[in-house]
Amino acid sequence: MNLDRKDMLGIEDLSRKEIEIILETANKFAEVTNRPIKKVPTLRGKTVICLFFENSTRTRTSFEIAGKRLSADVVNVSAQASSVKKGETLLDTAKNLQAMHPDIIVCRHSSAGACHVLARYLKNTSIINAGDGAHEHPSQALLDMMTVMQVKKKVDGLKVAIVGDITHSRVARSNIYCFQKMGASVAVVGPPSMLPCSIKDMGVDVYYNLKEGLKGADIVMMLRIQQERISHSPFPTLREYSRHYGLNNETISTLKKDVLIMHPGPVNRGVEIDPDIADGPYSLILSQVTNGVAVRMALLYLFSGVKTLDI
Amino acid sequence: MKKTLIKNGRLIDPSQGIDGAFDLLISGDKIAQVAPQGRTSAADAEIIDAKGMVVSPGFIDMHTHLREPGFEYKETIASGTAAAVSGGFTSVCCMANTDPVNDNASVTDYINRKAHDSGFCRVYPIGAVTKGLKGEELASIAELKTSGCVAISDDGNTLQDGNMMRLALSYAKGFDLPVITHSMDKSLSENGHMNESFMSTKLGIKGIPNAAEDIMIARDIMLAELTGAHVHVAHLSTRQGIRLVKEAKQRGIKVTCEVTPHHFTLTDASLSDYNTNFKMSPPLRSADDVRAIKEALSEKNIFDAIATDHAPHGIIDKEIEFDKAASGIIGLETALPLALALVRDGVLGLDEMIRLFTMGPAGVLGLSGGTLKEGAAADITIFDPDHAWVLDRRRIVSKSKNSPFIDMPLKGRAIKTIVSGKLVFDAMRGQTGVHS
């Protein structure tokens, strides 16, 4: 079982079949995570570089643990500590890393399309996008999908509502593609000042009112307000945003009984989501984190060129 | 005096309404005679056989970045003018965003001297509107004019302050200089790197709405009306911008405008894989905007010029993250085939295309070129409209290679370029010598 592509740049490029292959592989690896000795020899002798130009705790740790559990040699490079600060360009950095013959570079960057630049110029290394600007965050969408499928079994026909700052969210874009490809319908909800141009053309329903947008939803995904990316705030105050677009117990009471609440994290408790709910019975937030490791193990394996699944 | 006879070609000169089988006799650096085929006798003349070719007044590019002084790693006056003549241009007008900025006579003199010593074609400098392109104080506009600047522009450093723009227009009017505007409201375009559209949403790149351009065009038209000065809108890219200019022209306001080949050839759909050679300012717009540009070209008298906005950039400016990459592409070597594609598609006639490359820009800037009238300087472009070729990166003449048209099949190219009666480019031989 393998994917016939060099790089993993976004969910948009994947077929449903490919998504299913990744998830099936991830399910096999999930079992490894529960063993007393959490290590298999699958990627022994393979080198993975996690090249992070942007701060990240969960994603970087998750890829690093995933690589180590597969016995790959994992090297972390963070832009702050590298030559980037000395004025080296992205491409020079990447070419230098390639000269050390890594098998995979996992890249996180604040510029949309940065992984495309690497993929174009590094012919012998697979690039896995760990989040590029406001473009895509494919491993996040895949772990979200894995989490939903553990609970719902089947995604076809489900209704998903994604709430918040769609304009600046790579998680939203990857999840829209992923849920649609797996047969769900997707609605986006937020103030118009937080919804990007022509978002409707992605095939989503658009709501400016939270209650209307959440009506009949099987899955509600609350996005984080990314204050660090916004120069002119698209809403007047956090209080006002929270009142109109935050998820609280009152709103929850109007939803389906078996609704799932998700959040890509980190959570701004009390802003987009009420503190009680983030820890409550509907919440899958920590399952998401656990599944993240299994999904990233699957991605590293599938893009490593290793053909035998030795677990 | 040396004589050259260009015979057997199809001669098109919109300034005289000529389109047909005419021969042209050059004597020294001037055009001596234009006469129906076979009626010109000059026994001692060197003969250029232009059979199957079009003989046109020399092309004028009114929007070029030559990058010298200051950014010689991108382009020099020598390399930029070499690219110009190989694309059929006999004159280029170079923008002021050099380092130092062309905001005073010493920089203009430097450019003129370099152009004289190393240029393959005529170079007309464009001066800055404000000192250092900072938008704060007027540059030495009269001094720039005296040194040979043909217009003033802060180009991409668009004057945001309306009162400053008003002052610039009023003052420039006294010296008969057009003010060229790169119309962009920076508060709306800030951090934007492409057209705002479904494509920008998909790519996760902040877009620049058409409104950012349209609002500034509207402001500058109003200020041209208020001051009576001449505003020239550079690289117009939007449907509403075209409407505004058209209405202003109908109302008799002194406004002119240009279009670039990339804005009538490409749309933002080309950006799908973050190739920075498709990053421009203004950005590549929607298919509807391209349609509007073509409609306006068909209608005539809205656009005054096709201009390349030739913007050479090195790999350190382009082979990087999309949102960090510089805007702009080289255009001198591909303008003619891209414009000829419109002619083949029936958007405009060959005579109208030539007008937009010659008397159109000459008229905007008050230049004496752009014509084959007897007695005029012998600046002539001979091109083969049907010559099929592919833009090979290794054969690009410009020092920079940032073109989205690399490896693309093209049709039509300059065969011989003559400046002041001197052959400066021959397709068989390359550049054949500086013009002066």
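Of all the residues that make up the stretch B:208-242, how many are within 14 Å of chain A (Cβ to nearest Cβ) and either on the phi > 0 side of the Ramachandran plot or touching a residue at least 60 places away in the same chain (Cβ under 8 Å) (or both)?
Selection size over the stretch B:208-242: 2.
I'd like to know if the stretch B:385-402 contains one or more residues that are touching a residue at least 40 places away in the same chain (Cβ under 8 Å), among the basic types (K, R) and more than 20 Å from B:I77 (Cα to Cα). No, the stretch B:385-402 contains no residue that is touching a residue at least 40 places away in the same chain (Cβ under 8 Å), among the basic types (K, R) and more than 20 Å from B:I77 (Cα to Cα). Taking the numbered list (1) more than 14 Å from every other protein chain (Cβ to nearest Cβ); (2) hydroxyl-bearing (S, T, Y); (3) without any contact (Cβ under 8 Å) to a residue 40 or more places away in the chain in turn, B:T146 passes all entries but (3). Out of B:R413, B:R395, one residue alone is modelled with pLDDT of 95 or more and either closer than 17 Å to B:G9 by Cβ or among the polar types (S, T, N, Q) (or both). It is B:R413. Of all residues in the stretch A:148-166, those satisfying the criterion of being of a type in the set (V, I, T) and under 24 Å from A:V267 (Cα atoms) are A:V148, A:V151, A:V160, A:I162, A:V163, A:I166. Collect the residues in the stretch B:324-346 that are more than 30 Å from B:F175 (Cβ to Cβ) and either touching a Gly at 6+ places or on another chain (Cβ under 6 Å) or buried (at least 24 other Cβ atoms within 10 Å of the Cβ) (or both), keeping them in residue-number order. Selection gives B:I329, B:I330, B:E333, B:T334, B:L336, B:P337, B:A339, B:L340. Only a single criterion out of (1) of a type in the set (G, A, S); (2) closer than 23 Å to B:H193 by Cβ; (3) touching a strand residue (DSSP E or B) at 6+ places or on another chain (Cβ under 6 Å) is not satisfied by B:G360, namely (2).
Picking from B:M164, B:M199, which residue would you name as being crowded, with 17+ Cβ neighbours inside 10 Å, in a helix (DSSP H, G or I) and within 14 Å of chain A (Cβ to nearest Cβ)?
Working: B:M164 fails: within 14 Å of chain A (Cβ to nearest Cβ).
Matching residue, one of B:M164, B:M199: B:M199.
Within the stretch B:17-40, the set of residues being part of a loop (DSSP other than H, G, I, E, B) and either within 28 Å of the chain's Cα centre (by Cα) or closer than 21 Å to B:L423 by Cα (or both) comprises B:G17, B:G28, B:D29, B:T40.
Do we find a residue being of a type in the set (D, E, K, R) and touching a strand residue (DSSP E or B) at 6+ places or on another chain (Cβ under 6 Å) anywhere in the stretch B:112-122? Yes, that holds for at least one residue. The set of residues in the stretch B:41-55 being surrounded by fewer than 20 Cβ atoms within 10 Å (Cβ to Cβ) and in contact with an Asp or Glu (Cβ under 9 Å, 6 or more places away or on another chain) consists of B:G52 alone. Tally time: how many residues in the stretch A:25-56 are within 23 Å of the chain's Cα centre (by Cα) and loosely packed, with under 12 Cβ neighbours inside 10 Å? The qualifying residues number 2. Residues of the stretch B:10-30 being surrounded by 23 or more Cβ atoms within 10 Å (Cβ to Cβ) and closer than 20 Å to B:F89 by Cα, which ones? Correct list: B:L11, B:I12, B:D13, B:P14, B:L24, B:I26. The condition of being surrounded by fewer than 18 Cβ atoms within 10 Å (Cβ to Cβ) and either β-branched (V, I, T) or modelled with pLDDT of 95 or more (or both) holds for only one of B:G88, B:G70, B:G38, B:G58, that being B:G70. If only residues of the stretch A:122-139 that are more than 14 Å from chain B (Cβ to nearest Cβ) and in contact with a Lys or Arg (Cβ under 8 Å, 6 or more places away or on another chain) are counted, the one that is farthest from A:G164 (Cα to Cα) is A:S126.
The set of residues in the stretch B:105-136 being more than 21 Å from B:L367 (Cα to Cα) and in a loop (DSSP other than H, G, I, E, B) consists of B:K134, B:G135, B:E136.
Residues that are polar (S, T, N, Q) and away from every other protein chain (no Cβ under 14 Å) were ranked within the stretch B:167-196; the one that is surrounded by the fewest Cβ atoms within 10 Å (Cβ to Cβ) is B:S170. Within the stretch A:105-121, residues that are within 9 Å of another protein chain (Cβ to nearest Cβ) and surrounded by fewer than 24 Cβ atoms within 10 Å (Cβ to Cβ) sit with their Cβ atoms under 9 Å from residues that are of a type in the set (K, R) and in a helix (DSSP H, G or I), at 6+ positions apart or across chains, in these pairs: A:S110/A:R229; A:Y121/A:K95. Consider the stretch A:78-104 and keep the residues that are crowded, with 22+ Cβ neighbours inside 10 Å and within 14 Å of chain B (Cβ to nearest Cβ). The one that is modelled with the lowest pLDDT is A:A94.
The number of residues in the stretch B:300-322 being part of a loop (DSSP other than H, G, I, E, B) and either touching a strand residue (DSSP E or B) at 6+ places or on another chain (Cβ under 8 Å) or away from chain A (no Cβ under 14 Å) (or both) comes to 11.
Residues in the stretch A:32-44 that are touching a residue at least 12 places away in the same chain (Cβ under 8 Å) and of a type outside the set (A, V, I, L, M, F, W, C): A:T33, A:K38, A:K39, A:P41, A:T42, A:R44. For the stretch A:58-67, check the following and say yes or no: at least one residue is over 29 Å from A:V148 (Cα atoms) and more than 14 Å from chain B (Cβ to nearest Cβ). Checked against the condition, which is being over 29 Å from A:V148 (Cα atoms) and more than 14 Å from chain B (Cβ to nearest Cβ), the stretch A:58-67 yields no hits at all. Of all residues in the stretch B:347-388, those being outside any loop (DSSP other than H, G, I, E, B), loosely packed, with under 15 Cβ neighbours inside 10 Å and not charged (D, E, K, R) number 1. If I ask for residues that are at pLDDT 95 or above and among the polar types (S, T, N, Q), which ones from the stretch B:188-247 would you list? B:S189, B:N195, B:S197, B:S200, B:T201, B:N210, B:T227, B:S237, B:T238, B:Q240 - these are the residues of the stretch B:188-247 that are at pLDDT 95 or above and among the polar types (S, T, N, Q). Only one entry in B:T265, B:T238, B:T276 is buried (at least 24 other Cβ atoms within 10 Å of the Cβ), closer than 30 Å to B:G369 by Cα and of a type in the set (V, I, T), namely B:T238.
The values are calculated or read from the model by the stated rules, or taken from the named source; none is laboratory data. All values derive from a computational prediction rather than experimental measurement. Every residue, glycine among them, receives a Cβ derived from its backbone with ideal geometry; neighbour counts consider all protein chains shown.
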